[in-house]
1. When you look at G35, is it modelled with pLDDT under 95, open to solvent by less than 70 Å² (accessible area, probe 1.4 Å) and either part of a loop (DSSP other than H, G, I, E, B) or on the phi > 0 side of the Ramachandran plot (or both), yes or no?
2. Being loosely packed, with under 13 Cβ neighbours inside 10 Å, assigned to a strand (DSSP E or B) and in contact with a Ser or Thr (Cβ under 9 Å, 6 or more places away or on another chain) is the filter here, so list the residues in region 60-111 that pass it.
3. Out of all the residues in region 143-170, which are touching a helix residue (DSSP H, G or I) at 6+ places or on another chain (Cβ under 8 Å) and surrounded by fewer than 13 Cβ atoms within 10 Å (Cβ to Cβ)?
4. Quick one: in region 114-142, of everything that is open to solvent by less than 20 Å² (accessible area, probe 1.4 Å) and of a type in the set (A, V, I, L, M), which residue is farthest from the chain's Cα centre (by Cα)?
5. Pairs please, first residue from region 83-106 and within 25 Å of C45 (Cβ to Cβ), second anywhere and of a type in the set (K, R), Cβ atoms under 9 Å, 6+ apart in sequence or on different chains.
Amino acid sequence: MKPSSTFAALFAVAAATFALPVIAHAGGPPNDGGGGSAAAAPGTCSDADLAVSNGPIESANTLRRVVVSFKNTSSNMCMLVGYPDANLVTAAGGVLVHVEPRQALAAHVLHLNPGDIANADVQSSALDVNGSGNPCPREGTLVVTAPKGSVAHTLPIALPICSATISSVD
């Protein structure tokens, strides 16, 4: 065997052994119509792409939690990433408290096919945060805007305003 063919054979064995990807272009270089082009990345989910809803309030001791769902109602895949914006408001719409993003290592990048649902959850405390042990003095109606969205959705749910946080979409 010639040295060049020995090297090619060793490379093929190493690629198979270590599962290295083999790059092939059918019909020519990439992106010339010869089959080497990559699929276009989906766009960010717009407000028009998403239906926003909530689940029931869940209670665990002094914690109140509600899941907020974002359903892709469009006919195309779209991308959702980051934290929804949320406020707890009065009946007249005045903001009682801005719901703070909950600490996380990273926000997930979600590719939602038509009909897929992403969720975030809002948690708050039924006790006042000053350590008195008294009940949280007020509740507010939850208003949520999708990540990178601009349309606020008033949800038919009321939560205590104490220590309210929201997760990133997942």
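The values are calculated or read from the model by the stated rules, or taken from the named source; none is laboratory data. For clarity, every value in this text was computed on a predicted model and none was experimentally measured. Every residue, glycine as well, gets a Cβ built from its backbone with ideal geometry; the counts of neighbours run over all protein chains shown. Quick note on the areas: whole protein, heavy atoms, side chains included, nothing else; ligands and nucleic acids left out. Shrake-Rupley method; radii C 1.70, N 1.55, O 1.52, S 1.80 Å.
1. For G35, the condition - modelled with pLDDT under 95, open to solvent by less than 70 Å² (accessible area, probe 1.4 Å) and either part of a loop (DSSP other than H, G, I, E, B) or on the phi > 0 side of the Ramachandran plot (or both) - is met.
2. E100
3. If the condition is that a residue be touching a helix residue (DSSP H, G or I) at 6+ places or on another chain (Cβ under 8 Å) and surrounded by fewer than 13 Cβ atoms within 10 Å (Cβ to Cβ), then S150, V151 are the ones that fit.
4. Among those that are open to solvent by less than 20 Å² (accessible area, probe 1.4 Å) and of a type in the set (A, V, I, L, M), it is L142.
5. Taking only residues 6 or more apart or on different chains, the pairs are Y83/R102; L88/R138.
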